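> I have a structure here, written as structure tokens, and I will follow up with some questions on it.
Nothing in this text is a laboratory measurement; each read-out follows from the coordinates by a stated rule. The shown structure was predicted, so the numbers you read here are calculated from the model rather than taken from an experiment. As a convention, Cβ positions derive from the backbone with ideal geometry for all residues, glycine included, and neighbour counts pool all protein chains shown.
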Amino acid sequence: MKYKNLTIIGTSHISNQSLKDVENAVNEIKPEIICLELDRNRFYALTHNVKGKTSLKDILRIGFKGYLFSLIGAYVEKKMGQKVGVVPGSEMLKSIELANQKRIRIALIDQDIEKTLKRFSQEFSWKERFKAMWDLIKALVIRKNEINFDLRKVPKKEVIDELIRKVKERYPGLYKVLIEERNEFMASKLTRIINLNEGKNVLAVVGAGHEEEIINIIKNKRIDIINR
């Protein structure tokens, strides 16, 4: 998706297709800046292959729900990645590798992961937790998948839109924290970057499903630029 000097591509963190999409975008757009859906902590962990140890102090700071969510999310993503032979976050590493090769500036645009997990602990209600437990039981015991797609590829827009709609409807707290608030944060960061770099090509690499709303927020100027 494109707006002024900004191009956003949506990727899957465990898809070989995403690696090709990133490489093609860099070669075609020739960006002066590559923006990544990462914060400083995740960037460091990814580039240094660091597996952080979480202390009790860390859990108390971000909240138990946020900690548990990050633990389960990382486990599920790792298992899905093993199925298709792709390490989670490979498309981000590919972006970083290309940026270093071509001497392209890198900008990190995602909200600090600790703040996101803390917000998750605050917003994810008991009602949503019970729904999540029930949905997990159905997935493990009944093994019924309502939506199927090839993990090796980035899901089609229709599939992503349907998934987002179901998350928003069934888990409003999760949607608010993981999608809505982060879209606004990334849109704000990107607004600042494109305004300060007029005439320069800017490429943003984000998870599939974020790009359309981010573009809409920037176009409609629905958010003030935040200094974070």
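> By how many nm would the segment from residue 114 to residue 100 lengthen if fully extended, with 0.36 nm per residue of separation less the alpha-carbon distance?
Extra length from residue 114 to residue 100 when fully extended: 2.3 nm.
> Among 2/189; 102/200; 4/30; 94/168; 2/221, which pairs are too far apart, with a Cα-Cα distance over 20 Å?
Pairs exceeding the cut-off: 94/168.
> Right, here's the next one. Sorted from fewest to most neighbouring beta carbons within 10 Å, what does the list 43, 120, 130 look like?
130, 43, 120
> Okay, next question. Once the Cβ-Cβ distance between residue 176 and residue 44 is put in as r, and R0 is 35 Å, what FRET efficiency do you end up with, to the nearest 0.05?
The calculated FRET efficiency here is 0.80.
> Now for a separate question. Provide the gained length on full extension for the span residue 93 to residue 51, in nm with one decimal, where the gain is 0.36 nm per separating residue minus the Cα-Cα distance.
Gain on extension, residue 93 to residue 51, equals 13.5 nm.
> If you don't mind, there's one more thing I want to ask. Can you work out the Karplus-derived ³J(HN,Hα) for every residue in region 28-43? Use 6.51 cos²θ - 1.76 cosθ + 1.60 with θ = phi - 60°, whole Hz, and x for glycine or proline.
Those phi angles translate into 7, 7, 6, x, 8, 9, 10, 9, 10, 6, 9, 10, 4, 5, 5, 4 Hz.
> Sticking with this structure for a sec: Using per-residue counts of other Cβ atoms within 10 Å, averaged over each peptide, order 209-217, 158-166 from highest down.
With the highest mean Cβ count within 10 Å placed first, the list reads 209-217, 158-166.
> Return 3, 171, 44 ranked ascending by Cβ neighbour count within 10 Å, so the fewest neighbours appear first.
Exposure proxy ranking, most exposed first: 44, 3, 171.
> Calculate, for residue 28 and residue 161, the FRET efficiency according to 1/(1 + (r/R0)^6) with r their C-beta to C-beta distance and R0 41 Å; round to the nearest 0.05.
Step by step, r from the Cβ atoms, then E = 0.95.
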